[in-house]
Amino acid sequence: MKKSLQIGYLITILLIFFVPGLLFVSGKGKSASDTEENRTLSAMPKLEVSTYRVFPTQFEDYFNDHLPLKDQLVFANSYLDYRFFHSSSSDQVVVGKNGWLFYTGTQQGDEAQMKDYLGENLYTEEELQTLASKLNQAAADFQKRGAHLTFVFNPNKSRIYADQMPAAYGKPAENYRLKQVVQYLKANTKLDIVDTTDVLADYHKKNPQNQIYFKYDTHWNSFGSYIATRLLAQGLKRSLPSPDAVSIQDGKHPIYDLARMLHLQDVLTEDPAPIVSGYTDRTYESQMSGEGAEIMIHGSCASPEADARKLLLIGDSYGTFMFRFLATEFAQTTYCHYSQYHRDVLEAEKPQEVVFELVERNLSLLNSFSIDRAFPQ
């Protein structure tokens with residue numbers, strides 16, 4: 001019996017190693033990546049005298065892209081890592097307690113989410129002074145054009161759900177970059193700063209049964225966004241009801257980005273996606289232009305109870321969650337992704353209120369923010 005099992009294991013391993021290669025050589029297999037990956041796959045390179053040095057690398061790329069059963073093998077590896085070893089097959093994701101996923105923050109720019117968590121990327125006093133000077137200048141420039149500027153900062157998921165972080169990371173640092181920046185700006189400038197960290201952390205501590213960030217995604221959910229937007233609204237002289245007074249219905253998030261990074265988007269699907277209602281009787285109409293990071297959303301609320309001021313919200317993906325709650329508070333509300341903002345947007349919208357929103361991991365973008373742009377050139 002034992003010998004039969006050993007032979008069975010050996011045959012299984014040999015099949016895993018050799019079947020994809022045989023299918024590739026025969027041309028009878030096709031990787032799902034040919035149709036499922038959102039990128040251009042590598043083409044079969046030509047072996048010529050002028051290209052012989054790069055041919056091996058190009059062929060390896062082609063082989064990796066078109067290997068039959070590649071996606072199935074990648075899925076199997078990721079699933080085994082996650083379910084049985086509680087580990088991640090991606091260096092972009094770490095697996096925390098109870099299956100929670102956390103983004104490591106190394107995908108773009110100088111994001112460093114784990115350094116944020118551990119307090120390993122603090123600014124120097126000189127850097128804080130320079131930052132304060134830049135933001136003061138930006139606020140003054142907006143004011144000259146009739147727009148009041150407010151900054152709103154939202155915490156990383158790992159900041160609020162530190163209780164679900166892997167034990168190896170320990171507790172979050174007492175002093176960290178977002179806290180450092182907020183304290184310095186409040187103490188040394190007259191800028192309007194809204195930091196939603198405390199209100200979110202306090203809610204999670206008192207109501208751990210109500211999830212406010214996604215388990216398998218980098219973002220907060222709509223209810224977490226509502227709690228944060230309520231604090232921002234107060235700073236803008238508007239009022240939203242207490243979180244305890246709103247209605248929550250079950251919803252469905254289209255896809256969870258961290259699950260997708262692990263190729264487990266078809267498996268990790270059970271994650272609360274609350275739909276918030278009952279916070280206002282007002283409605284708004286919206287128009288969307290662009291796609292992905294180039295998205296702009298225009299909202300208009302015809303209710304006489306809406307604030308007559310025009311609001312321009314410049315921000316990252318967290319800002320899209322906040323938009324819907326702000327759009328019923330102001331007559332005109334526009335969301336613009338920070339990478340698409342430039343002075344022409346300001347001139348076209350002519351807002352009286354400008355909000356610049358960033359999640360903690362994007363905080364370094366403050367160094368590039370001005371009336372002209374919100375993204376490094």
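In Å and whole numbers, how far do the C-alpha atoms of the range 113-368 stretch along each principal axis, longest first?
For the range 113-368, the Cα extents along the three principal axes come out at 50, 47, 33 Å.
Over all pairs of distinct alpha carbons, what does the Kirkwood formula give as the hydrodynamic radius of the range 305-344, in Å?
It is 10.5 Å.
For the cross-link pairs Lys134/Lys215; Lys97/Lys134; Lys186/Lys310; Lys157/Lys350; Lys215/Lys310; Lys157/Lys190, which exceed 31 Å when the distance is taken from alpha carbon to alpha carbon? Each step should come with its number before you reach the end.
Values: Lys134/Lys215 36 Å; Lys97/Lys134 40 Å; Lys186/Lys310 26 Å; Lys157/Lys350 34 Å; Lys215/Lys310 35 Å; Lys157/Lys190 28 Å.
In this structure, Lys134/Lys215; Lys97/Lys134; Lys157/Lys350; Lys215/Lys310 lie more than 31 Å apart at Cα.
Out of all DSSP beta bridges in the range 113-368, what portion is antiparallel? Express it as a percent rounded to 5.
Roughly 40 percent of the DSSP beta bridges within the range 113-368 come out antiparallel.
Since every read-out is calculated from the coordinates, none of them should be taken as a lab result. Computed from a predicted model, the values in this text were never measured in an experiment.
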